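The values are calculated or read from the model by the stated rules, or taken from the named source; none is laboratory data. Since the model is a prediction, treat every value here as computed from it, not as a measurement. Positions of Cβ are generated from backbone atoms using ideal geometry, with glycine treated the same way; all protein chains shown enter the neighbour counts. Surface accessibility is based on the protein's heavy atoms, side chains included, excluding ligands, DNA and RNA. Shrake-Rupley method; radii C 1.70, N 1.55, O 1.52, S 1.80 Å.
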Amino acid sequence: MMRSIAKLTAAAVLAATLSLLPQLASAQQSVRIGQGVSTLSFLPLWAARALNTFAPEGLNATGVMMPGGDSAALAALDSGDIDLAAVGSETVLRAAAKGQPFEIVYTLMSKVTLQLVVSPAFLEAAKVTKDDPLQKRLAALKGAVVGVAAIGGTQETAARWLAAKGGLDPKADIKVAQVGNPVALQAALENKRIDAFVLSPPEGYLAAKAGSGVVLVSLGDDFPLLADQPYLVLAAKQPIDAKTAELITKTARALQAASVALTDRPEPTALAIQKQFFAKAEPESIVAAIAAMRSGVASGGQLDTKSFQNLLTFSKEVGSNFGKEFDAAGSDNDLWTNRFVDAARKK
């Protein structure tokens with residue numbers, strides 16, 4: 001008799017729970033975040049999804065990878081297919097210069113994460129080590145063949161900028177070879193088809209572990225200009241109504257919680273990200289990558305005039321032409337804003 005009552009009670013509890021599921025699901029607010037590329041540098045997004053810091057905010061987050069890159073992400077944002085776009089800041093500037101209605105609402109990575117990785121043989125021939133002064137390391141690039149994913153892309157731009165900083169002719173003193181994706185670049189470096197490449201972590205760690213490369217320069221650590229600027233950002237479409245503003249604020253709070261985990265508990269957070277999103281990668285490589293990049297999420301999404309000016313200065317130095325001049329201070333609460341980051345912190 002008692003056993004029958006227990007079974008009936010359990011069944012009643014299960015039925016009650018199941019009846020609540022539709023209500024619980026409807027209580028979750030959906031947020032669709034489009035991402036231009038799947039690089040690990042979008043750290044707060046990976047961490048927030050791996051740790052599900054969206055749940056305490058009543059959010060059900062969906063990450064959407066856009067096959068067409070950053071431009072496709074902004075197009076999806078403009079059409080309403082996604083709520084927010086995770087893209088490179090320069091992409092937003094280019095769109096804004098054309099009059100497109102986007103606003104940067106969160107800095108996902110506040111430093112340039114690219115690293116210059118050079119083969120040991122090339123360094124030995126140049127008589128340079130990773131511990132030499134920065135100017136000497138950069139000058140050693142003379143004659144280097146730098147592998148890139150695409151001609152004219154970010155990697156080539158960064159390599160030529162580094163050459164210029166080393167006192168070299170950025171057009172004549174280095175050669176650029178189109179190789180392909182990071183796996184192809186790693187193979188090309190190991191097989192001595194190229195002397196160097198410029199990629200974000202964990203590629204430098206992987207090359208060093210294989211004995212095929214040395215991280216010679218970490219752009220966001222070696223250059224103050226690149227250590228404080230909105231490199232990767234979250235963009236929203238204007239005008240932003242009250243409902244969307246609430247959604248952005250909740251998203252910002254979830255990302256801030258993820259950033260705290262990245263800075264305070266980097267290793268377990270890295271392992272959670274690796275397990276869920278980069279299962280084929282060595283766990284140690286993701287741990288190393290987060291150790292190299294976590295200082296870029298310490299601001300909790302905060303933007304300011306100085307960092308935005310650093311972005312504009314760097315863009316001008318690498319020759320980016322947006323077709324319009326931007327004013328860092330004058331762009332506050334127009335092209336970029338802190339109102340959602342600040343609101344998220346008040347809870």
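Just one of the numbered conditions (1) under 22 Å from Ile286 (Cβ atoms); (2) small (Gly, Ala, Ser); (3) without any contact (Cβ under 8 Å) to a residue 12 or more places away in the chain; (4) open to solvent by less than 30 Å² (accessible area, probe 1.4 Å) is not true of Gly213: (3).
Remark: Gly167 falls outside the filter, which requires a residue to be without any contact (Cβ under 8 Å) to a residue 24 or more places away in the chain, out of contact with any Gly (no Cβ under 9 Å at 6 or more places or on another chain), surrounded by fewer than 19 Cβ atoms within 10 Å (Cβ to Cβ) and assigned to a loop (DSSP other than H, G, I, E, B). Among the residues of segment 309-345, those that are among the hydrophobic types (A, V, I, L, M, F, W, C), closer than 28 Å to Leu255 by Cα and buried (at least 16 other Cβ atoms within 10 Å of the Cβ) comprise Leu311, Leu312, Phe314, Phe326, Ala328, Leu335, Trp336, Phe340, Val341, Ala343, Ala344.
Looking across segment 51-94 at every residue that is open to solvent by 10 Å² or more (accessible area, probe 1.4 Å) and among the hydroxyl-bearing types (Ser, Thr, Tyr), the one that is farthest from Gln29 (Cα to Cα) is identified as Thr91. Inside segment 140-149, residues that are over 27 Å from the mean Cα position of the chain (by Cα) and either open to solvent by less than 40 Å² (accessible area, probe 1.4 Å) or among the β-branched types (Val, Ile, Thr) (or both) make up a count of 2. Selection of helices (runs of 4 or more DSSP H) fully inside segment 63-148 by the criterion of at least 3 residues being closer than 26 Å to Asp228 by Cα returns 69-79, 89-97, 134-139. Scan segment 266-287 for residues that are of a type in the set (Val, Ile, Thr) and within 17 Å of Ala207 (Cβ to Cβ) and jot them down. Matches in segment 266-287: Ile286, Val287. Kindly indicate which of Gln186, Gln155, Gln229 is within 25 Å of Phe42 (Cα to Cα), part of a loop (DSSP other than H, G, I, E, B) and of a type outside the set (Gly, Ala, Ser). None of the others qualify; the one that does is Gln229. How many residues are part of a strand (DSSP E or B) and basic (Lys, Arg) when one looks only at segment 170-183? Going through segment 170-183 one residue at a time, the tally reaches 1.
The residue list Pro239, Pro182 contains one member that is open to solvent by 40 Å² or more (accessible area, probe 1.4 Å) and touching a strand residue (DSSP E or B) at 6+ places or on another chain (Cβ under 8 Å), which is Pro182. Thr244 meets the stated requirement of being within 30 Å of Asn52 (Cα to Cα), among the polar types (S, T, N, Q) and open to solvent by 20 Å² or more (accessible area, probe 1.4 Å). When segment 109-122 is filtered for residues that are out of contact with any Lys or Arg (no Cβ under 8 Å at 6 or more places or on another chain) and either open to solvent by 40 Å² or more (accessible area, probe 1.4 Å) or more than 30 Å from Ala48 (Cβ to Cβ) (or both), the ones remaining, listed by number, are Val118, Pro120, Phe122. The set of residues from segment 256-311 being assigned to a helix (DSSP H, G or I), of a type in the set (A, V, I, L, M, F, W, C), out of contact with any Leu (no Cβ under 7 Å at 6 or more places or on another chain) and closer than 24 Å to Arg339 by Cβ comprises Ala257, Val260, Phe308, Leu311.
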